[in-house]
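Okay, structure first, notes after.
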Amino acid sequence: MKVYFLGTGTSQGIPVIGSNHPVCKSTDSKDKRLRVSVWISWGNYSYVIDCGPDFRQQMLSSHCQKVDGILFTHEHSDHTAGIDDIRPFNFKQGEIPIYAHQRVIDNLKRRFEYVFETVNKYPGAPSIETIEVINNKPFSIGNKTAIPVNVMHGNLQVFGYRIDDFAYLTDVKTIEESEILKLKNLKVLVINALREEPHDMHFNLKEALDFITLVQPEKAYLTHISHIMGFHEEVQKNLPKNVFLAYDNLEITL
Ligand SMILES: [Zn+2]
């Protein structure tokens, strides 16, 4: 399985519009971060987790040729605002399944009403099939199984996903013991780490590192990173040897 980091930034992306912060002005390509998303593929199968406002640019730079489905973590715009740009895949492939909590599906129905129109729907509008994700109910994606992992983003429920030895968790602030049990024996864990300072809704760096110590994956990649975290190269130097700051367009093979 290949995992391609389409975006590794927090909700505003890096650089932040109008910012004079040194990280926003950095010329290192690893300090440029689009909104958070990954593309996972194996054999003939190709899925993305989340579809934020940078989706079009991400599909172009990754040369992704097809999307068999989109797994949503939650409804926040940095994870969903790119839905209109799935249309080129619809024109090639037809309807695309989206997997999400029922609350997220309901939210998308309000915000993207035209996508869900049943009468006089504009023929060029995105075309999706909704599939409800229920905690403790693994579901099939291609010939693999996705296991939902329930986490909390402050008061908001969010799904992470485990597929084989890979797990992708973002926007985590707290996670219950029963959910941590789903993360045993991972080769790769992707986990959010916003910055060094604490935040009410996100793991900071220390919380993410403590979580990695608890879960003990072979390797961990940090994502959903704010410019306030610092320069990629400097932050990476101080991480444990099996922990990596993810960066946009990084591709790993499991
Ligand atoms: Zn987010």
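The selection criterion, being within 16 Å of the ligand (Cβ to nearest atom) and at pLDDT 95 or above, holds for residue 7. In segment 149-169, the residues that are within 16 Å of residue 80 (Cα to Cα) and among the polar types (S, T, N, Q) reach residues that are part of a strand (DSSP E or B) and at pLDDT 95 or above with C-beta atoms within less than 7 angstrom, at least six apart or across chains, in these pairs: 157/150. Please enumerate the residues belonging to segment 184-211 that are within 20 Å of residue 37 (Cα to Cα), crowded, with 20+ Cβ neighbours inside 10 Å and more than 16 Å from the ligand (Cβ to nearest atom). The answer is 186, 188, 189, 205. Assessment of segment 149-163 against the conditions (over 18 Å from residue 102 (Cα atoms) and among the hydroxyl-bearing types (Ser, Thr, Tyr)) yields no matching residue. Scanning segment 10-30 for residues that are closer than 14 Å to residue 231 by Cβ and either charged (D, E, K, R) or within 16 Å of the ligand (Cβ to nearest atom) (or both) yields 14, 25, 28, 30. Set side by side, the residues 166, 91, 116, 112 differ, and just one is at pLDDT 95 or above, more than 30 Å from residue 213 (Cβ to Cβ) and in contact with a Lys or Arg (Cβ under 7 Å, 6 or more places away or on another chain), which is 116.
Across segment 155-172, the number of residues qualifying as surrounded by fewer than 16 Cβ atoms within 10 Å (Cβ to Cβ) and under 16 Å from residue 77 (Cα atoms) comes to 2. Applying the criterion of being charged (D, E, K, R) and under 20 Å from the mean Cα position of the chain (by Cα) to the residues of segment 185-217, the residue that is nearest to residue 235 (Cα to Cα) is 195. Summed over segment 140-160, residues that are closer than 24 Å to residue 11 by Cβ and away from the ligand (no atom under 15 Å from the Cβ) total 3.
Which of the residues spanning segment 31-46 are away from the ligand (no atom under 16 Å from the Cβ) and basic (Lys, Arg)?
Kept after step one, since they are away from the ligand (no atom under 16 Å from the Cβ), are these residues of segment 31-46: 31-32, 39-46.
Across segment 31-46, the qualifying residue is only 32.
The values are calculated or read from the model by the stated rules, or taken from the named source; none is laboratory data. Since the structure is predicted, the reported quantities are computational estimates derived from the model, not experimental observations. Cβ coordinates were reconstructed from backbone atoms using ideal geometry, including for glycine residues, and neighbour counts include every protein chain displayed.
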